[in-house]
Amino acid sequence: MSIDFAGQVAIVTGAGGGMGRAYALELARRGAALVVNDYGGGVLGEQNGSPGPADAVVAEIVGAGGRAVASSLAVGTAASARAIVQAAIDAFGRIDILVNNAGTAIAGPFTAHDDEAIERHYATNLIGGHHLMRTAWPHMAAQHYGRVLNVSSNGALGVGGNAPYGAAKAGMLGLTLDAAIEGKPLGILVNAVMPTSYSRLVEQIPDPTTVAWFRDNLPPEKVAAAMAWFLSRDCSETGRMLLTGGGRLSSLVFAETGEIFDPAINAETVAARIGEVRDESALTPVHNQAEAGARYFRHLPWTAGAAPDFGPDVERG
């Protein structure tokens, strides 16, 4: 099977270097036309951008015979999202693929950062991607086709000293899972990736040995190579949380542990039976809110006249 993107148009944010550049070059190599977006500033999100990084990647694509235009707008606002999507429409007449890759770092103790830094971080790492999806969505729905990849991080699982980053990247997972349900009947597939790769964010790690290990073993090109299929016409997967790096690929799912049920539940009950709740010997995967809600029917059968709206294809006991 040969995966190609001939006739398709992609927007990649944060594409002036690292993983974003790798996504842009991989898609262009396979025939896509690109909007290369990068505000060209620092990894901490400072507002001192430059068009240089985006322009350089565009020159690289065009020099190899591809088609691309640059956008140096900072993601994070609805106005920027509209302008970035409009750049794709103006240059190429459509939008098929969106890779929400732009991100910044903001490590440090929980109370270390000022208000502006926190708000700027959420704008770049979560709100900007949401606005871009909202803006691209009608174009994708009208053509009954779209592919969205939201770049999250295993930092969403908790690192310590990285709360804003973890929270924003966890938000990308919720955004992905909900949009995937709504997008599927419209032909729009939405997935998230937790990449492990060498990047400017990794360069902020104070231990040079760790940085060197990432550089030598986890090139960003391998992330883009693995994710290209999820952005293709051939993909039918949606609502996936993928982990990849260095040639490795897996899928993350939420799962419920053991449970207790007691109509007279109280603090003492929980204290006595918390071991049953913590029991991970027989985990139950939960892929969406419908599956989570349906688990209550084993104990609380639905007796009202209308079926509860826990979503499609849910067994109701």
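The values are calculated or read from the model by the stated rules, or taken from the named source; none is laboratory data. Everything numeric here is computed off the predicted structure, so don't read it as measured data. Glycine also receives a Cβ, built like all others from the backbone with ideal geometry; neighbour counts cover every protein chain displayed.
Observations on the structure shown:
- Residue list for the range 273-297, filter: in a helix (DSSP H, G or I), charged (D, E, K, R) and under 13 Å from A255 (Cα atoms): R278, E291, R295
- In the set (1) in contact (Cβ under 8 Å) with a residue 12 or more places away in the chain; (2) within 15 Å of the chain's Cα centre (by Cα); (3) surrounded by fewer than 22 Cβ atoms within 10 Å (Cβ to Cβ), R200 fails one condition alone, (2).
- V58 meets all of the listed conditions (1) in contact with a helix residue (DSSP H, G or I) (Cβ under 6 Å, 6 or more places away or on another chain); (2) more than 16 Å from P164 (Cα to Cα); (3) buried (at least 22 other Cβ atoms within 10 Å of the Cβ) but one, namely (1).
- Across the range 76-100, the qualifying residues are those that are touching a residue at least 12 places away in the same chain (Cβ under 8 Å) and among the polar types (S, T, N, Q), and the one among them that is nearest to A32 (Cα to Cα) is N100.
Yes or no, residue by residue, for (1) over 15 Å from A102 (Cβ atoms); (2) of a type in the set (D, E); (3) modelled with pLDDT of 95 or more; (4) in the same structural domain as A33 (by TED's automatic domain parsing):
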{"site": "S152", "(1), (2), (3), (4)": "no, no, yes, yes"}
{"site": "L177", "(1), (2), (3), (4)": "yes, no, yes, yes"}
{"site": "I181", "(1), (2), (3), (4)": "yes, no, yes, yes"}
{"site": "I205", "(1), (2), (3), (4)": "yes, no, no, yes"}
{"site": "A212", "(1), (2), (3), (4)": "yes, no, no, yes"}
{"site": "R233", "(1), (2), (3), (4)": "yes, no, yes, yes"}
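- Hits in the range 43-73 (condition: modelled with pLDDT of 95 or more and in a loop (DSSP other than H, G, I, E, B)): A64, G65, G66, R67, S72, L73
- Scope the range 92-151; condition buried (at least 23 other Cβ atoms within 10 Å of the Cβ), in a loop (DSSP other than H, G, I, E, B) and not aliphatic (A, V, I, L, M); matching residues: D96, N101, G103, T104
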